[in-house]
1. If we sort 30-38, 104-112, 10-18 on the protection proxy, mean other Cβ atoms within 10 Å, highest first, what's the order?
2. Along the Cα→Cβ direction, 7 angstrom out, place labels at ASP26 and ALA85. What is the inter-label distance in nm?
3. Which percentage, to the nearest 5, of the DSSP beta bridges contained in the stretch 3-247 is antiparallel?
4. Working from Cα positions, state the angle (0 to 90°, nearest 10) between the long axis of helix 204-218 and the longest principal axis of the chain.
5. So what's the gap between the Cα centers of the stretch 1-55 and the stretch 148-207, to the nearest angstrom?
6. Using only DSSP helix segments of four residues or longer, with each worth -39500 (n - 2.57), what per-residue ellipticity at 222 nm results for the chain after dividing by its residue count and rounding to 500?
7. What distance in nm lies between label points placed 7 Å from Cα along the C-beta direction at ALA121 and ARG51?
8. Please list, ordered by chain and number, the residues whose modelled amide H lies under 5 Å from the amide H of LYS196; skip anything fewer than 5 residues away on the same chain.
Amino acid sequence: MNDIATLARRAIACLDLTELGDHATDADVEALCGRAVTPYGPVAAVCMWPRHVALARRLLAGTPVRIATVVNFPGGDEPTPHVVAAVEAALADGADEIDLVLPYHALLQGASEHVALMLEAVRGAVPKDGHVLKVILETGELGDPHAIERAAHVAVEHGADFIKTSTGKTSVSATLEATGIMLGVIRSAAWPVGLKPSGGIRTLADATAYIEQADEVMGDGWATPATFRFGASGLLTALIAAIEGDTGVASTEAY
């Protein structure tokens, strides 16, 4: 196996396979979960709307694939009690991971207390016994590098296990510039924090660029499912095609 297949397998293991279409149905989530365990290993997690968590939990029982969902999504402007209630309901339905949109409008407007209170409330609701809290910064909307850095620091200081670039619902999603800033914050953190580039990552070349950047900043081999995820819907198809094109073996299994 040469480098192409190795990189593609590594990326599959770090993938949060996502279905967050505005009109996503149970059938869409069934199809998503049916692709989550590939002939080349399982993805790290599937990510869907809270209404689909219980279904995904049933479908993926007995597999190592984790169940992730989103809250305060995509606008980041919901009241904190509503967000906490959504977190608690998702956890009761079987979610392992919560992807919370940072109240980025509030951050840009200087309402730092509101941002801190929401992060603290959600962190308090997400157990630390194997559950994961990812905080979505929405870096494309923050725009300015200093704002991205500030948002990353706030998320880490208030308990994020991962910081994530984007919802994938805005015109600018993940960029290497944004993840470079976020990795600088992660490197300076007093405890381990992971990175999740999300949105617009569609090819093996895209995935490789982010993995190599992470390893360059954090150390060779740092990007593993415990510290690094991709949020993507179409990337898996490209990764499997890269493996099969590289090895000359086409899988007959469904994925």
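Rule-based calculations on the coordinates, nothing more; no lab input. Given the structure is predicted, the values throughout are model-derived calculations rather than measurements. All Cβ positions, even for glycine, are placed from backbone atoms using ideal geometry, and neighbour counts span all protein chains on display.
1. Going from most to least packed, we get 10-18, 30-38, 104-112.
2. 2.4 nm
3. 5 percent
4. Compared with the principal axis, the helix lies near 60 degrees.
5. Here the two parts' Cα centres lie 20 Å apart.
6. When only DSSP H runs of four or more count, the value is -14000 deg cm²/dmol.
7. Roughly 2.3 nm, to one decimal.
8. Under 5 Å from the amide H of LYS196 lie the amide H atoms of ILE163, LYS164, THR165, ARG229, each far enough along the sequence or on another chain.
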